[in-house]
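The values are calculated or read from the model by the stated rules, or taken from the named source; none is laboratory data. Source: prediction; values computed, not measured. Virtual Cβ from ideal backbone geometry, glycine too; neighbours counted across all protein chains shown. Surface areas here come from the heavy atoms of the whole protein model, side chains and all, with no ligands, DNA or RNA. Shrake-Rupley method; radii C 1.70, N 1.55, O 1.52, S 1.80 Å.
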Amino acid sequence: MNNIHFAQKLKKARSDLAITQQQLADKLHVSRKTVSGWETGRTRPDIDMLRQMADIYHISLDELVSDAKAPEHQSDSIHREKGLITRVTTTTLDIILAILIVQRFTHNSRYDNVFLMMDYLIYFGFGLRLLLTRWVLKILHSVRSPIFLICYFLFGAFSICAAFSNLFNMGFAFQLTIGIIGLAGLVNLIAIGLLKPNGKNDNRV
């Protein structure tokens, strides 16, 4: 494998994991400049570094250094599973937003805080949905981007806490709905972490 091809493969493996050169450098206890040298073809990592990188990327050493391309049917299968993760998450958020909007305009309460909390959840949900648009995903690289995962977790945790703390004196039916919405978000978040492309235990989407 020539240096340029190998460097591009190292860069793609890191990008698929959605981590920066500095984050990889910290994991390997080297400088960011060293990682940059590997990914531009100026230098090559030694075998020990390659083993550590393969562990970080959750792939075999042979897969990392091999010049062979994945069979076309295998590549198609991976892309389908990547699309499935995104579609499931997008659909879940669409349903959550629809329920929130309906509740916002049909729920009756004497407390303004209830409506304020609902507005916050709707805005938060729209923000998450925006992160799943095609254009933003080109920047984030995947649904497993730390930015999206952290925001999604906060959304689910806030929903559950708001529902079961009775902080806003909402009705029981509305509390239950918000709690279920938060739980659905967290279950979806767990599914994102558990569903691995092509059955492999890796973090790529």
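Derived scalar couplings between HN and Hα for the range 25-39 equal 4, 5, 5, 8, 6, 10, 7, 5, 4, 5, 4, 4, x, 5, 7 Hz in order, rounded to whole Hz, by the Karplus curve 6.51 cos²θ - 1.76 cosθ + 1.60 (θ = phi - 60°), x for Gly and Pro. Potential lengthening of the chain between LEU137 and THR106 amounts to 7.8 nm, from the contour at 0.36 nm per residue minus the alpha-carbon distance.
With both labels modelled 7 Å from their Cα along Cα-to-Cβ, the ARG32 to THR86 distance reads 2.8 nm. For the range 1-47, the normalised intensity computed at q = 0.28 Å⁻¹ comes to -1.08 (log10 of I(q)/I(0), Debye sum over alpha carbons, equal scatterers, no solvent). In units of the rule-of-thumb radius 2.2 N^0.38 Å, the range 112-166 shows an alpha carbon radius of gyration of 1.29. A probe of 1.4 angstrom, applied to the heavy atoms of all protein chains, finds LYS33 with accessible area near 150 square angstrom. Compared with the direct C-alpha span, the chain from PHE172 to PHE126 gains 14.1 nm at full extension, assuming 0.36 nm per residue. Extension gain for ILE180-LEU149 works out to 9.3 nm (0.36 nm per residue, less the C-alpha to C-alpha distance).
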